[in-house]
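The values are calculated or read from the model by the stated rules, or taken from the named source; none is laboratory data. This one's a predicted model, so the numbers in the text were calculated from it and none came from an experiment. Positions of Cβ are backbone-derived with ideal geometry, glycine not excepted, and every protein chain shown enters the neighbour counts.
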2 protein chains.
Amino acid sequence: MNTIDKTKFPRVLIVGGGFGGLQVAKKLADKPVDVLMIDKHNYHTFQPLLYQVATGSLEADSIAFSLRKNFSGQKNFRFRIAELQKVNAEKNTVDTTIGEITYDYLVLATGSTTNFFGNKEIEHYAMPMKSIPEALNLRSLILQNIEEAVLLTGKEEREPYLNFVLVGAGPTGVELSGALAELRNHILTEDYPELSKEHMRVILVDTMPRILGAMSEQASKGSHDFLTSMGVEVMVNVKVNSFDGNEIKFEDGHTIRTKNVIWSAGVMGVVPDGISKDIIQRGNRIKTDSICRIDGSANIFAIGDVAAMITDETPKGHPGVAQVAIQMGNHVAKTILKLINGEPTAPFKYFDKGSLATVGRNKAVADLGKLKFQGFFAWIIWMFVHLISLLGFRNKIVVFINWTMSYLTYNGGARLIIRRFNNEAPQQEEEHLAKSDG
Amino acid sequence: MNTIDKTKFPRVLIVGGGFGGLQVAKKLADKPVDVLMIDKHNYHTFQPLLYQVATGSLEADSIAFSLRKNFSGQKNFRFRIAELQKVNAEKNTVDTTIGEITYDYLVLATGSTTNFFGNKEIEHYAMPMKSIPEALNLRSLILQNIEEAVLLTGKEEREPYLNFVLVGAGPTGVELSGALAELRNHILTEDYPELSKEHMRVILVDTMPRILGAMSEQASKGSHDFLTSMGVEVMVNVKVNSFDGNEIKFEDGHTIRTKNVIWSAGVMGVVPDGISKDIIQRGNRIKTDSICRIDGSANIFAIGDVAAMITDETPKGHPGVAQVAIQMGNHVAKTILKLINGEPTAPFKYFDKGSLATVGRNKAVADLGKLKFQGFFAWIIWMFVHLISLLGFRNKIVVFINWTMSYLTYNGGARLIIRRFNNEAPQQEEEHLAKSDG
């Protein structure tokens, strides 16, 4: 395979085009460095809105943006579709699916993936939702199972197809359960006159005593009340034992017949080979110092979800949210320029801008510093913050129109099964589609 | 499997939710009939804009519309995702993937698929573009091959990845070659600074002496000139002999190294089992009488691309265009109501509203009765006609915004490789995706 020709400038190799990686590359524009980004996809994913792709309210392409297009015009930037296989720190290279690539500075912005905590059965049958293909698979599954329910008669037979169990009540679980409840309340009987609302259940479960555990007590209570008012069954202090594709079993012996289990109970860092196991922290994150440099290295950085910056002030690292990745990306770009110039570096300080989570129409919860509030105003802020954070003017407009249409009609979204999903098929690392009959 | 419960009204079973099937169902709203539609997809595809999905200018969901949503509120309408397997005319039932379904009147609106004229090698390696999954596969292939070219060095190595050969210069071939030329002229070097325009060739070939053979001489000449001015190499009177995935060979011995052959050289009707071979006409179309009733049957109709209405006035049937399907659908709905009421039926008359084809920015050709013109005004009409024909207010708005953005920036579209396409993989009848790593 080829190596990528070098320029006269030191090369900063960024692995991953998420919030963190994007920020590093952007901040290095017009600087005397050779910026090379690799990602296994040619687009950036705006993960906070993935759940709207899964429920068919938004299209995949509204929340994704071409990495090439984003950096078109940034002269020191190059991009390659490639997957990182191994870091060879001793010779400053990485092995990738397109060959060996050299670097002067390496930024690991590889993010996180769903953590099934080693349960292979759950991993096989439960649906994760951390990427666009996963969100599209989930959408197909939801719609296929509703279609399947239409073909059956009687509550008993339909039950497993129309029970939706969401495991993990962080923002993803809360937002997705809210969106599914709205699908039931406003769309189900319109699109499927054969079914009745009572046939569909949305159940949100968590091992912790309250939902949105990372947010304030007020946010937990507010979102709990909102979800309950929309008909979501919220179960806290509940642990999942198993799921075999037809029935989910809880530790207390309780079971629910369902074919739809959505797993958002945890994430773990995506760590490449070549990183010493000794510096892997809880959640499979790589230990870094206060400038995001990984333990024991002079020129390898980790940022965002894959990084655990363990310092006296942050003994557990930072939360796995977009703002941390963005701010770390910003800091690492500056740090690399300082290192190149032999200037002293400064430790990273996280500025917490607050947290938002939406539950549904007119309903969101906000923790902004000491300001904690729930309801319509929080929902307006949530929409505003997400719209301005989306990459690309076209995406902002298209999402805005979709939201407006949904708000006015109670029935946004296309809900198309473009590619059928088959959970019985053998799992594969990456999809390579063959020809379809269409 | 289940049968679908009957109502007290005679059942009209419509197979296919394309332009024709949609029209039949719509015209039967509020009538004393039980309308049941089956389609293998849960959406209607607006085929005239598929080429913009393939080149990444539009999203799949902008040109597709949920069949359930479209008929939500039409009380006598029901829908099932199912594929027709066999017509059992003697007992008025069809076999489908969801079981046997009875009918009183059957409307075959199954449309057409790509015709490779029996050449299995070409069928394997060339890309068709008759459905949304096919258009998405083509998009992935185009983008993957450009990415592949970036990894290679030198014109010789890159050539097969950047040569695009379109076989068949009907509206699809003409529109797609225009869109590819615009990708080269306005986007290629912006997104891929490693490449130069001269590396990418777009070649449109046809066996006939002129392109857009079904339109006027003026339209042929106009589109030919437009394409040439955009850098498309137009080759007429040329017949393809073979394509092995790396090289296309023509009858005159001429060859072109390419991995991208897009086949739009012909279509054939999708005829189910159970229809007598004796009534199959050229292009695999089913012979019908002047009320679209298939030869030898009292209650089975065929409309649109799958129908060949052979009468004295139309010895070759009608052209395979949306307008024919829509008008036939309209006529068949009325005819069925007349048959139910024992009223006399009237023969179908096609009203030709004219033809339009677009070549690119500001460039289209129009044959509207005696009025034949080319250029900016034809392009405005083309856009207007396509916008108003799209199903769904949201789709009209989203497409309009995308077109406006593309017009203003010369760079619309997201161009994301959401699912990789692999032409070496074994072909499969329908895609069933397994889990992806995302």
Next item on the list: Determine which single condition B:THR153 fails, assuming it passes every other condition in (1) polar (S, T, N, Q); (2) under 18 Å from B:ILE256 (Cα atoms); (3) within 14 Å of another protein chain (Cβ to nearest Cβ).
Entry: (2)
Next item on the list: Look at B:ASP5 and say whether it is over 22 Å from the mean Cα position of the chain (by Cα) and within 14 Å of chain A (Cβ to nearest Cβ).
Entry: yes
Check: Which numbered condition trips up A:SER72, out of (1) within 19 Å of A:ASN299 (Cβ to Cβ); (2) modelled with pLDDT under 95?
Finding: (1)
Checklist line | A:SER264 vs. criteria hydroxyl-bearing (Ser, Thr, Tyr), in contact (Cβ under 8 Å) with a residue 24 or more places away in the chain and surrounded by 16 or more Cβ atoms within 10 Å (Cβ to Cβ) | finding: yes
Margin query: List the strands (runs of 3 or more DSSP E) inside the stretch A:19-116, counting only whole elements, that have at least 1 residues being touching a residue at least 60 places away in the same chain (Cβ under 8 Å), at negative phi and β-branched (Val, Ile, Thr).
Written below: A:34-39, A:43-45, A:84-88, A:93-96, A:99-102, A:105-108, A:112-114
Next item on the list: Check off (1) surrounded by fewer than 21 Cβ atoms within 10 Å (Cβ to Cβ); (2) within 14 Å of chain B (Cβ to nearest Cβ) for A:SER355 and give me the number that stays unchecked.
Entry: (2)
Next item on the list: Look at the stretch A:212-240 and say how many of its residues are buried (at least 22 other Cβ atoms within 10 Å of the Cβ) and at positive phi.
Entry: 1
Notebook entry, point to check: Restricting attention to the stretch B:390-415, and to residues there that are small (Gly, Ala, Ser) and part of a loop (DSSP other than H, G, I, E, B), which single residue is nearest to the other protein chains (Cβ to nearest Cβ)?
Noted result: B:ALA414
Note to self: Tell me yes or no: at least one residue of the stretch B:273-280 is basic (Lys, Arg) and either in contact with a Ser or Thr (Cβ under 7 Å, 6 or more places away or on another chain) or under 24 Å from B:GLY213 (Cβ atoms) (or both).
What the structure shows: no
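Say we look at the stretch B:160-173 and pick out the residues that are aliphatic (A, V, I, L, M) and touching a Leu at 6+ places or on another chain (Cβ under 6 Å); which of these is nearest to B:LEU141 (Cα to Cα)?
Within the stretch B:160-173, the subset aliphatic (A, V, I, L, M) is B:162, B:165-167, B:169.
Subset that is touching a Leu at 6+ places or on another chain (Cβ under 6 Å): B:166, B:169.
Values: B:LEU166: 14, B:ALA169: 21 Å.
Per the criteria, the residue is B:LEU166.
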Next item on the list: Mind listing whichever residues of the stretch A:88-144 are buried (at least 21 other Cβ atoms within 10 Å of the Cβ), under 22 Å from A:THR172 (Cα atoms) and away from chain B (no Cβ under 14 Å)?
Entry: A:ALA109
Next item on the list: Pick out the one residue from A:HIS318, A:HIS331, A:HIS224 that is modelled with pLDDT of 95 or more and under 18 Å from the mean Cα position of the chain (by Cα).
Entry: A:HIS318
Note to self: Is it the case, given these coordinates, that A:ARG282 is surrounded by fewer than 17 Cβ atoms within 10 Å (Cβ to Cβ) and in the same structural domain as A:ALA149 (by TED's automatic domain parsing)?
What the structure shows: no
Note to self: As an exercise: evaluate B:GLY266 against (1) over 30 Å from A:SER72 (Cα atoms); (2) at pLDDT 95 or above and give the number of the one condition it does not meet.
What the structure shows: (2)
Next item on the list: Only one of these is crowded, with 22+ Cβ neighbours inside 10 Å, of a type outside the set (Phe, Trp, Tyr) and more than 22 Å from the chain's Cα centre (by Cα): B:ILE340, B:ILE300. Name it.
Entry: B:ILE300
Notebook entry, point to check: Only one of B:SER72, B:SER140 is of a type in the set (Ser, Thr, Tyr) and assigned by TED's automatic domain parsing to the domain that holds B:LEU176; which?
Noted result: B:SER140
Check: Is one or more of the residues making up the stretch B:26-39 under 28 Å from B:LEU183 (Cα atoms), among the acidic types (Asp, Glu) and touching a helix residue (DSSP H, G or I) at 6+ places or on another chain (Cβ under 9 Å)?
Finding: no
Item checked: Filter result (within 11 Å of chain A (Cβ to nearest Cβ) and either among the β-branched types (Val, Ile, Thr) or buried (at least 21 other Cβ atoms within 10 Å of the Cβ) (or both)) within the stretch B:188-211 -> B:THR189, B:ASP191
Margin query: Can you tell me which condition B:SER223 does not meet? The list is (1) within 14 Å of another protein chain (Cβ to nearest Cβ); (2) touching a strand residue (DSSP E or B) at 6+ places or on another chain (Cβ under 6 Å); (3) not in a strand (DSSP E or B), and all the others hold.
Written below: (1)
Notebook entry, point to check: Going through the stretch A:370-420 one residue at a time, which ones are on the phi > 0 side of the Ramachandran plot and either within 22 Å of the chain's Cα centre (by Cα) or at pLDDT 90 or above (or both)?
Noted result: A:GLY375, A:GLY392, A:GLY413, A:ARG415
